[in-house]
(Lines give C-alpha, C1' and ligand atoms only; values in the text may rest on other atoms or scores of the structure.)
Protein backbone atom coordinates (compact mmCIF):
# COMPACT_ATOMS: atom_id res chain seq x y z
CA UNK A 1 0.00 0.00 0.00
CA UNK A 2 1.20 3.48 -0.81
CA UNK A 3 1.60 5.67 2.26
CA UNK A 4 -0.43 8.83 2.05
CA UNK A 5 0.23 11.71 4.42
CA UNK A 6 -1.58 14.96 3.80
CA UNK A 7 -2.85 17.72 6.09
CA UNK A 8 -6.48 16.69 5.59
CA UNK A 9 -6.00 13.19 7.00
CA UNK A 10 -7.67 12.37 10.30
CA UNK A 11 -5.18 10.66 12.58
CA UNK A 12 -5.47 8.72 15.82
CA UNK A 13 -2.33 8.03 17.86
CA UNK A 14 -2.29 5.08 20.26
CA UNK A 15 0.72 4.98 22.59
CA UNK A 16 1.89 1.84 24.39
CA UNK A 17 3.68 3.89 27.04
CA UNK A 18 5.34 0.95 28.81
CA UNK A 19 6.71 -0.39 25.53
CA UNK A 20 8.31 2.93 24.59
CA UNK A 21 9.49 3.66 28.14
CA UNK A 22 11.31 0.33 28.49
CA UNK A 23 12.87 0.59 25.03
CA UNK A 24 14.23 4.07 25.76
CA UNK A 25 15.52 3.03 29.17
CA UNK A 26 17.12 -0.22 28.01
CA UNK A 27 18.62 1.12 24.77
CA UNK A 28 19.62 4.64 25.80
CA UNK A 29 19.18 4.90 29.58
CA UNK A 30 16.90 7.87 28.84
CA UNK A 31 13.28 8.98 28.95
CA UNK A 32 10.98 9.49 25.99
CA UNK A 33 10.12 12.98 24.79
CA UNK A 34 6.47 12.22 24.11
CA UNK A 35 5.88 15.69 22.65
CA UNK A 36 8.45 15.08 19.91
CA UNK A 37 7.08 11.57 19.28
CA UNK A 38 3.50 12.88 19.00
CA UNK A 39 4.57 15.62 16.58
CA UNK A 40 6.35 13.03 14.40
CA UNK A 41 3.34 10.69 14.53
CA UNK A 42 0.84 13.37 13.54
CA UNK A 43 3.12 14.75 10.79
CA UNK A 44 1.07 17.92 10.23
CA UNK A 45 -2.22 16.07 9.85
CA UNK A 46 -5.49 16.51 11.80
CA UNK A 47 -5.13 14.86 15.19
CA UNK A 48 -8.50 13.39 16.16
CA UNK A 49 -7.33 11.60 19.29
CA UNK A 50 -4.10 10.71 21.06
CA UNK A 51 -4.25 8.17 23.87
CA UNK A 52 -1.43 6.95 26.10
CA UNK A 53 -2.00 3.66 27.88
CA UNK A 54 -0.17 3.74 31.22
CA UNK A 55 0.36 1.56 34.27
CA UNK A 56 0.23 3.07 37.74
CA UNK A 57 2.88 1.79 40.11
CA UNK A 58 2.42 0.77 43.71
CA UNK A 59 4.02 4.06 44.81
CA UNK A 60 1.62 6.04 42.60
CA UNK A 61 4.20 8.73 41.79
CA UNK A 62 3.22 9.16 38.11
CA UNK A 63 0.95 12.19 38.65
CA UNK A 64 3.42 14.70 37.11
CA UNK A 65 4.00 12.42 34.11
CA UNK A 66 0.25 12.05 33.49
CA UNK A 67 -0.20 15.84 33.76
CA UNK A 68 2.63 16.39 31.27
CA UNK A 69 0.97 14.02 28.77
CA UNK A 70 -2.37 15.78 29.17
CA UNK A 71 -0.72 19.19 28.55
CA UNK A 72 0.50 17.77 25.23
CA UNK A 73 -3.10 16.87 24.34
CA UNK A 74 -2.63 13.18 25.07
CA UNK A 75 -5.45 11.48 26.94
CA UNK A 76 -4.25 8.93 29.51
CA UNK A 77 -5.86 5.63 30.31
CA UNK A 78 -4.53 4.04 33.47
CA UNK A 79 -4.44 0.55 34.86
CA UNK A 80 -2.97 -0.58 38.17
CA UNK A 81 0.13 -2.74 38.23
CA UNK A 82 -0.92 -6.30 39.05
CA UNK A 83 1.16 -8.39 41.45
CA UNK A 84 0.71 -12.18 41.38
CA UNK A 85 2.83 -14.24 43.75
CA UNK A 86 5.79 -11.88 43.45
CA UNK A 87 5.44 -11.40 39.68
CA UNK A 88 4.49 -7.96 38.42
CA UNK A 89 2.34 -7.58 35.33
CA UNK A 90 1.01 -4.53 33.62
CA UNK A 91 0.14 -4.10 29.99
CA UNK A 92 -2.54 -2.54 27.90
CA UNK A 93 -2.12 -4.49 24.64
CA UNK A 94 -5.74 -5.63 24.44
CA UNK A 95 -7.18 -2.28 25.56
CA UNK A 96 -5.09 -0.36 23.04
CA UNK A 97 -6.03 -2.78 20.26
CA UNK A 98 -9.76 -2.55 21.05
CA UNK A 99 -9.66 1.26 21.06
CA UNK A 100 -7.67 1.43 17.80
CA UNK A 101 -10.14 -0.92 16.10
CA UNK A 102 -13.09 1.02 17.54
CA UNK A 103 -11.79 4.39 16.27
CA UNK A 104 -10.33 3.19 12.94
CA UNK A 105 -13.56 3.78 10.92
CA UNK A 106 -13.43 7.47 11.93
CA UNK A 107 -9.77 7.84 10.95
CA UNK A 108 -7.69 7.90 7.79
CA UNK A 109 -4.60 6.71 9.67
CA UNK A 110 -4.00 4.87 12.91
CA UNK A 111 -0.55 5.49 14.34
CA UNK A 112 0.66 2.83 16.75
CA UNK A 113 3.44 4.05 19.02
CA UNK A 114 4.94 0.67 19.96
CA UNK A 115 7.23 -2.00 18.61
CA UNK A 116 5.47 -5.09 19.90
CA UNK A 117 4.77 -7.85 17.37
CA UNK A 118 1.62 -8.78 19.31
CA UNK A 119 -0.08 -5.89 17.51
CA UNK A 120 0.26 -7.47 14.04
CA UNK A 121 -3.27 -9.02 14.02
CA UNK A 122 -4.72 -5.61 14.99
CA UNK A 123 -2.72 -3.90 12.23
CA UNK A 124 -3.94 -6.39 9.62
CA UNK A 125 -7.55 -6.09 10.77
CA UNK A 126 -7.53 -2.28 10.67
CA UNK A 127 -5.91 -2.35 7.21
CA UNK A 128 -8.67 -4.72 6.01
CA UNK A 129 -11.15 -1.97 6.99
CA UNK A 130 -9.35 0.40 4.61
CA UNK A 131 -7.54 2.46 7.23
CA UNK A 132 -3.82 3.14 6.89
CA UNK A 133 -1.72 1.90 9.84
CA UNK A 134 1.64 3.36 10.76
CA UNK A 135 4.01 2.48 13.58
CA UNK A 136 6.60 4.58 15.33
CA UNK A 137 9.11 3.16 17.80
CA UNK A 138 12.78 2.42 18.38
CA UNK A 139 13.78 0.15 15.50
CA UNK A 140 16.39 -1.66 17.59
CA UNK A 141 13.61 -3.08 19.77
CA UNK A 142 10.81 -3.37 17.22
CA UNK A 143 9.39 -6.65 15.94
CA UNK A 144 10.34 -7.37 12.34
CA UNK A 145 6.84 -8.73 11.72
CA UNK A 146 5.31 -5.47 12.92
CA UNK A 147 7.61 -3.42 10.68
CA UNK A 148 6.63 -5.58 7.69
CA UNK A 149 2.88 -5.38 8.36
CA UNK A 150 2.42 -1.61 8.78
CA UNK A 151 2.03 0.81 5.89
CA UNK A 152 4.78 3.05 7.25
CA UNK A 153 7.37 2.67 9.99
CA UNK A 154 9.22 5.55 11.62
CA UNK A 155 12.38 4.46 13.43
CA UNK A 156 13.09 6.66 16.43
CA UNK A 157 16.55 5.06 16.67
CA UNK A 158 17.65 6.97 13.56
CA UNK A 159 17.64 10.23 15.55
CA UNK A 160 17.41 9.30 19.24
CA UNK A 161 18.42 12.75 20.53
CA UNK A 162 15.28 14.21 18.96
CA UNK A 163 12.99 11.80 20.83
CA UNK A 164 14.77 11.35 24.18
CA UNK A 165 15.46 13.35 27.31
CA UNK A 166 18.51 12.71 29.48
CA UNK A 167 20.53 9.52 29.15
CA UNK A 168 23.59 8.71 27.06
Check: Only one of (1) in a helix (DSSP H, G or I); (2) in contact with a strand residue (DSSP E or B) (Cβ under 9 Å, 6 or more places away or on another chain) is not met by residue 136, so which one is it?
Finding: (1)
Next item on the list: Taking the options 27, 72, 47, 20, name whichever one is over 22 Å from residue 100 (Cβ atoms) and surrounded by 13 or more Cβ atoms within 10 Å (Cβ to Cβ).
Entry: 27
Check: Of all the residues that make up the range 96-124, how many are farther than 24 Å from residue 140 by Cα, free of Cβ contacts under 8 Å to residues at least 60 places away in the same chain and in contact with a helix residue (DSSP H, G or I) (Cβ under 7 Å, 6 or more places away or on another chain)?
Finding: 1
Check: Can we say residue 26 is more than 14 Å from residue 154 (Cβ to Cβ), modelled with pLDDT of 90 or more and assigned to a helix (DSSP H, G or I)?
Finding: yes
Next item on the list: Specify which of the listed residues (68, 97) is more than 19 Å from residue 12 (Cβ to Cβ) and either at pLDDT below 95 or assigned to a helix (DSSP H, G or I) (or both).
Entry: 68
Margin query: Going through 42, 11 one at a time, which residue ends up being farther than 17 Å from residue 126 by Cβ, touching a strand residue (DSSP E or B) at 6+ places or on another chain (Cβ under 9 Å) and buried (at least 17 other Cβ atoms within 10 Å of the Cβ)?
Written below: 42
Item checked: Selection from the range 104-119 of residues that are surrounded by fewer than 24 Cβ atoms within 10 Å (Cβ to Cβ) and within 11 Å of the chain's Cα centre (by Cα) -> 116
Checklist line | Every residue from the range 147-162 that is outside any strand (DSSP E or B) and over 13 Å from the mean Cα position of the chain (by Cα) | finding: 147, 148, 149, 150, 151, 157, 158, 159, 160, 161, 162
Next item on the list: Take the range 37-61 and flag every residue that is more than 17 Å from residue 115 (Cβ to Cβ) and either in a helix (DSSP H, G or I) or without any contact (Cβ under 8 Å) to a residue 12 or more places away in the chain (or both).
Entry: 39, 42, 59, 60, 61
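The values are calculated or read from the model by the stated rules, or taken from the named source; none is laboratory data. On a predicted model such as this, the values are computed, not experimentally measured, just so you know. Cβ: placed from backbone, ideal geometry, glycine included. Neighbour counts: every protein chain shown.
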